[in-house]
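Every number in this text was worked out from the coordinates using simple rules, so none of it is lab data. These numbers were taken from a predicted model, which means no experiment stands behind them. Glycine gets a Cβ as well: all are built from the backbone with ideal geometry, and neighbour counts include every protein chain shown.
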Amino acid sequence: MERTFLAIKPDGVQRGLVGEIIRRFETKGFTLVGLKLMNVSKELAEKHYDVHKERPFFPGLIQFITSGPVVAMVWEGDGVVASARKIIGATNPLSAEPGTIRGDFGVTVGRNLIHGSDAIETAQTEIKLWFKEEELASWQPTLTPWLYE
Ligand code: ABT
Ligand code: MG
């Protein structure tokens, strides 16, 4: 089954949006298989955002993501990588559609509340970077026959 890596960023935690954000993926029908609240080391932040290391916003991004606890999660389900990106909304919250997490709760790109893997391969890399295998639970929700035909 497809998996994605999601992380509620320090702004989402500080603003008390953890429950609201998790609710959206839960009620959609995705399955939570990994969850932890953690402080992010500079080393982990730099690995996670390695693709952006030459960009001017990189130092500020690392500073922000290490500034307070983050909720790291792995979610599972058919098409979860692309669907989670839709639920999250556009990178710039001012361009994100109402009804998306960023569209409903954010106003600026550097405080966009949540990260979601952008492709299946990225998801696999990010899950390995953030979680140990034994931290992930494989389980079949009893709802499965009501979610998938
Ligand atoms: P992430 O899920 O955090 O990776 O965001 P997303 O994939 O939607 O957007 P990208 B382009 O990967 O942005 C990564 C983080 O960099 C911030 N950023 C991005 C800026 O601060 N300024 C910019 O001009 C751009 C393009 C937004 C993202 N995270 N935060 N916070
Ligand atoms: Mg990204």
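Kirkwood Rh over Cα pairs of region 1-72 into Stokes-Einstein at 20 °C, 1.002 mPa s: D in µm²/s? The diffusion coefficient I find is 160 µm²/s.
Each 10 Å bin from zero holds the following percent of Cα-Cα pairs in the chain: 11, 42, 38, 8, 1.
Restricting the chymotrypsin sites (Phe, Trp or Tyr not before Pro) of region 20-99 to loop positions (DSSP other than H, G, I, E, B) with no more than 13 neighbouring Cβ atoms within 10 Å leaves Phe57. For region 1-69, the set of trypsin sites (Lys or Arg not before Pro) satisfying both a DSSP loop assignment and a count of at most 13 other C-beta atoms within 10 Å is given as Lys53.
Using a Gaussian network model of the chain with C-alpha springs under 10 Å, which one of Thr108, Thr66, Thr31 is most mobile by mean-square fluctuation? Checking each option, the largest mean-square fluctuation is seen for Thr108.
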